[in-house]
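**Q** Below: one structure in structure tokens.
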Amino acid sequence: MEQQHITRLAEAYRRGYEQKYAGMNDAPEMKMHYFKVKEDLPRVKVVLSFLQGIVPAGQCNSLLDVGSGRGVFLFPLLRDFPELEVTSLDILPHRVALHECLNVGGITNLHPRLADICTWNVPDKCFDVVTMLEVMEHIPDTLSVVKKAIRLARNYIIVSVPSKPDDNPEHIHLFTARQLENLFVENGCAKVKFMSVTNHHVMVACLK
């Protein structure tokens, strides 16, 4: 595998793709560019840094990543925490298929799921950490997603959202830091803290 790729993930993706789509004439294009080595986005860096403090301490053995999409956060997460049990959740089948190739190819600690978090039927408190990075601004029923994340998380919920208006037509909410804090504290979180990232709010909500 060429060195400009995250080798372990790229090799797993290639193996998984070849197994998943073997013999199919209408297989989707192989997306190796998702695994190119590049600098992590600032909002991803601060979340990974926070996880570096809690994973070794045993506070994060399982993580649910909501809206994993193209893997902007998911793939650096798997790169930096190769033994962490990660469930990736997305509502788009082609995104979930991308994640499934990794699992089939050998990243067995990744568990892709096709579902909407608001209606997903899983037991309460089944993940140590829930991440929702660049997700809440897309979801119409903000309160439902917050309540569901609080139900699913044992220790922490990590959220990032834009802090300034942009031209993305899929962004239907713009949250202030105070609005985010109120949403999570009023619905059961013990406290929240914010990490500084230009043009984004990155918030850690503590359940205990």
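Every number in this text was worked out from the coordinates using simple rules, so none of it is lab data. All values reported here derive from a predicted model rather than from experimental measurement. Here Cβ is always computed from backbone atoms with ideal geometry, including for glycine, and neighbour counts include all displayed protein chains.
**Q** Kirkwood hydrodynamic radius, computed over distinct alpha-carbon pairs, for the range 1-100: how many Å, to one decimal?
**A** Computed over the range 1-100, the radius equals 14.7 Å.
**Q** With r as the distance between the Cβ atoms of Asn25 and Thr142 and R0 = 45 Å, compute the FRET efficiency 1/(1 + (r/R0)^6) and round to 0.05.
**A** Working from the Cβ atoms, E equals 0.60.
**Q** Can you sort Arg95, Arg70, Arg14 from fewest to most other Cβ atoms within 10 Å of each residue's own Cβ?
**A** Ranked by crowding around the Cβ, least crowded first: Arg70, Arg14, Arg95.
**Q** Same structure again: Which order do the peptides 109-116, 143-150, 50-57 come out in when sorted by mean C-beta neighbours inside 10 angstrom, highest first?
**A** Top to bottom by mean Cβ count within 10 Å: 143-150, 109-116, 50-57.
**Q** Using Cβ contacts closer than 10 Å as the measure, can you line up Tyr13, Tyr34, Tyr21, Tyr156 from fewest to most?
**A** Starting with the residue having the fewest Cβ neighbours, the order is Tyr21, Tyr34, Tyr156, Tyr13.
**Q** Still on this model: With contacts defined as alpha carbon pairs under 8 Å and 6 or more residues apart, what's the relative contact order of the range 129-208 in percent?
**A** Relative CO of the range 129-208 lands at 34 percent.
**Q** While we're here: From the square roots a ≥ b ≥ c of the eigenvalues of the alpha-carbon gyration tensor of the range 15-69, which class results: rounded (a/c under 1.5), prolate (a/b over b/c), or oblate?
**A** Prolate, because a/c is 1.5 or more and a/b exceeds b/c.
**Q** Using square roots of five times the C-alpha gyration tensor eigenvalues, list the equivalent-ellipsoid semi-axes of the range 71-145 in whole Å, biggest first.
**A** 21, 14, 13
**Q** Separate question: What full-extension length gain, to one decimal in nm, is calculated for Arg79 and Lys38 as 0.36 nm per residue of separation minus the Cα-Cα distance?
**A** Roughly 13.5 nm would be gained on extension.
**Q** Got a sec? How would Val37, Val159 order by Cβ neighbour count within 10 Å, fewest to most?
**A** The order, fewest Cβ neighbours first, is Val37, Val159.
**Q** Which of the following values of semi-axes √(5λ) of the Cα gyration tensor in Å was calculated from the structure shown: (i) 29, 18, 17; (ii) 37, 18, 16; (iii) 24, 21, 18?
**A** Derived directly from the coordinates: (i).
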